[in-house]
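Some notes on the structure that comes next.
The values are calculated or read from the model by the stated rules, or taken from the named source; none is laboratory data. This is a predicted model, so every value here is computed, not measured. So basically every Cβ, Gly included, is an ideal-geometry build from the backbone, and we count neighbours across all protein chains shown. Areas reflect the complete protein model, heavy atoms only, side chains present, ligands, DNA and RNA absent. Shrake-Rupley method; radii C 1.70, N 1.55, O 1.52, S 1.80 Å.
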Amino acid sequence: VIVAFAGWAYFRRSRKGQIWRGAGDDAIRLEALGYSVRRQRVLAFGASAALAAVAGALYAGTSGYMGPSIAGVAFSAEVLIWVAVGGSGRVLGPLVGVLVVRWGQQFLSSNLGLQQSWQLFMGLALILVVVVAPGGLLGIRIEPIRKRLFERGETKA
């Protein structure tokens, strides 16, 4: 995991990584600079499919099971929740989201004995994260929150 994230972070900063980000962020500008947006998107799609295949193979190897339920709506929604909690658009966002959600699931179901209702509390936590930190946990900017919580209604003269 460390090697994959380090490689991705290095690639994002490289020239090719910036071109691929440009294909998603501002395709018109990238085309005006003389790059084939279609070609860049096809290459990026192929690379992401290959990385997803490696992740799937590792998941099947570690869990010992791969079945149709893994490709269901529930698992896909869970992956989206990981990204929303951790923060999209950041390299470590999904990893932080997985760790926080899985820790919350373990804590609520095992430590507090909420085996049947842990999903309700995790859903409430997700709503709280989306409302308080729309950019995910890695997108939280502490200073504006501190000002809102600790500033008093003092008027300046």
TODO: Please work out if residue 142 is modelled with pLDDT of 80 or more, out of contact with any Asp or Glu (no Cβ under 9 Å at 6 or more places or on another chain) and among the β-branched types (Val, Ile, Thr).
DONE: no
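Within region 27-64, can you find the residues that are among the β-branched types (Val, Ile, Thr), open to solvent by 60 Å² or more (accessible area, probe 1.4 Å) and in contact with a helix residue (DSSP H, G or I) (Cβ under 6 Å, 6 or more places away or on another chain)?
To start, the set of residues in region 27-64 that are among the β-branched types (Val, Ile, Thr) comprises 28, 37, 42, 54, 62.
Filter once more, keeping what is open to solvent by 60 Å² or more (accessible area, probe 1.4 Å): 28, 42, 54, 62.
None; the set is empty.
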Open item on the list: Tell me yes or no: at least one residue of region 61-78 is modelled with pLDDT of 85 or more, under 21 Å from the mean Cα position of the chain (by Cα) and on the phi < 0 side of the Ramachandran plot.
Closed with: no
- [ ] All but one of (1) among the hydrophobic types (A, V, I, L, M, F, W, C); (2) more than 30 Å from residue 10 (Cα to Cα); (3) touching a residue at least 12 places away in the same chain (Cβ under 8 Å); (4) open to solvent by less than 40 Å² (accessible area, probe 1.4 Å) hold for residue 118, so report the exception by its number.
- [x] (4)
Task: Residue among 135, 113 that alone is open to solvent by less than 100 Å² (accessible area, probe 1.4 Å), within 20 Å of residue 102 (Cα to Cα), under 16 Å from the mean Cα position of the chain (by Cα) and at pLDDT 65 or above - done: 135
Open item on the list: Step by step: first the residues of region 96-110, then only those that are over 24 Å from residue 2 (Cα atoms) and of a type outside the set (S, T, N, Q), then the one that is most open to solvent (accessible area, probe 1.4 Å). Which residue is that?
Closed with: 107
